[in-house]
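Worksheet: the structure to be examined is printed underneath.
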Amino acid sequence: MSEVLPAPAPLGPDAPMVVVVPTYDEADNLEWIVGRLLAAQPTAHVLVVDDGSPDGTGDIADRLAAQDERVRVVHRTEKAGLGAAYLHGFAVALERGYHVVGEMDADGSHQPEQLHRLRAALETADLVIGSRWVRGGSVVNWSLFRKALSVGGNLYARTLLGVPVRDVTAGFRLFRASTLRAIDLTTVESVGYCFQTDLTVRTLEAGLTVREVPIEFLERERGESKMNPDIATESLRRITAWGVERRRAQVRRGMARVRSRA
């Protein structure tokens, strides 16, 4: 890891904040979740990044933006993956000068009413993760198999990558803008759910501070989950490759130290 940087400076309550919400076929959820988000964080803005939803989600987003200046919309022409949508949204957020950049799902799994916990923690961190798997965190309406899959996946990533974060795959987050600039988003290639793991590792390797706060995660009630076997396989493959490369790098550094002492 690089040299640890000084503790983050306080942001202050008036720091401009935007929450990036990627969408694909979320017509049943978007207006509901945006309304809740703006009620919970009245000074925040919402940036909807729609990947050409065929169900009219983009039209709903445009209507919300026309009704409320706090809502902005980016239209993409194809479904290119969660990571690609977030990268596009982050680039727009940085260009527009926001100091705090968030991410959350449109399906209600992430409760906007809990966003204040993340915002408070960001005063002493560079990245804050709303975590299901720290003390006080929970999930609602998940089967035992789904819980075991998530806990096991996080344990695998945490062990293989050597990171202290318990919910490294979580997608309810707040970044400082300075964090996103520091971790070189132009080199991020992960597009699926491993995108969250990628950015967590990059933040830690930059010597920045990551904090987890407990949240209650809800299974979506409307619409269909975007998770599928292909996404899970891509995440597993990439995390394994990153872990192997990290271990190789550790071995190379160890051998270099031995040679230098010889």
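The values are calculated or read from the model by the stated rules, or taken from the named source; none is laboratory data. The shown structure was predicted, so the numbers you read here are calculated from the model rather than taken from an experiment. Note that each Cβ is placed from the backbone with ideal geometry, even for glycine, and that neighbours are counted across all protein chains shown.
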Identify the residue in the stretch 209-225 that is of a type outside the set (Asp, Glu) and modelled with pLDDT of 95 or more and, among all such residues, is farthest from residue 109 (Cα to Cα). 209
May I ask you to verify whether residue 85 is surrounded by 15 or more Cβ atoms within 10 Å (Cβ to Cβ), on the phi < 0 side of the Ramachandran plot and in a helix (DSSP H, G or I)? yes
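Residue-by-condition table, conditions (1) in contact with an Asp or Glu (Cβ under 9 Å, 6 or more places away or on another chain); (2) part of a loop (DSSP other than H, G, I, E, B); (3) at pLDDT 95 or above:
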site	(1), (2), (3)
19	yes, no, yes
31	no, no, yes
34	yes, no, yes
43	yes, yes, yes
49	no, no, yes
53	yes, yes, yes
60	yes, no, yes
64	yes, no, yes
So which pairs qualify, if the first residue must be in the stretch 42-53 and on the phi < 0 side of the Ramachandran plot, the second must be among the aromatic types (Phe, Trp, Tyr) and outside any strand (DSSP E or B), the Cβ gap must be under 9 Å, and the two must be at least 6 apart or on different chains? 45/98; 47/98; 49/86; 50/24; 51/24; 53/24
Could you list, in sequence order, the residues of the stretch 186-206 that are more than 15 Å from residue 129 (Cα to Cα) and either small (Gly, Ala, Ser) or crowded, with 18+ Cβ neighbours inside 10 Å (or both)? 190, 191, 192, 206
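Residue-by-condition table, conditions (1) among the basic types (Lys, Arg); (2) outside any loop (DSSP other than H, G, I, E, B); (3) within 21 Å of residue 29 (Cβ to Cβ):
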{"site": "105", "(1), (2), (3)": "no, no, yes"}
{"site": "110", "(1), (2), (3)": "no, no, yes"}
{"site": "118", "(1), (2), (3)": "no, yes, yes"}
{"site": "135", "(1), (2), (3)": "yes, no, no"}
{"site": "152", "(1), (2), (3)": "no, yes, no"}
{"site": "167", "(1), (2), (3)": "no, no, no"}
{"site": "192", "(1), (2), (3)": "no, no, yes"}
{"site": "199", "(1), (2), (3)": "no, yes, no"}
Any chance residue 59 is touching a Leu at 6+ places or on another chain (Cβ under 9 Å) and within 22 Å of residue 32 (Cα to Cα): no
Please count how many residues of the stretch 169-182 are part of a strand (DSSP E or B) and either free of Cβ contacts under 8 Å to residues at least 60 places away in the same chain or hydroxyl-bearing (Ser, Thr, Tyr) (or both). 0
Can you tell which of 123, 212 is within 30 Å of residue 35 (Cβ to Cβ), in contact (Cβ under 8 Å) with a residue 60 or more places away in the chain and more than 17 Å from the chain's Cα centre (by Cα)? 123
Test result for residue 93, in contact with a Pro (Cβ under 7 Å, 6 or more places away or on another chain), buried (at least 20 other Cβ atoms within 10 Å of the Cβ) and part of a helix (DSSP H, G or I): no
Read through the list (1) over 26 Å from residue 89 (Cβ atoms); (2) part of a strand (DSSP E or B); (3) not β-branched (Val, Ile, Thr), then give the number of the only condition that residue 160 fails. (2)
Applying the selection to the stretch 130-153, what residues are touching a residue at least 12 places away in the same chain (Cβ under 8 Å) and either surrounded by 21 or more Cβ atoms within 10 Å (Cβ to Cβ) or aromatic (Phe, Trp, Tyr) (or both)? 130, 131, 132, 133, 142
Restricting the stretch 162-182 to residues that are surrounded by fewer than 22 Cβ atoms within 10 Å (Cβ to Cβ) and not charged (D, E, K, R), the one modelled with the lowest pLDDT turns out to be 162
May I ask you to verify whether residue 12 is free of Cβ contacts under 8 Å to residues at least 40 places away in the same chain and assigned to a loop (DSSP other than H, G, I, E, B)? yes
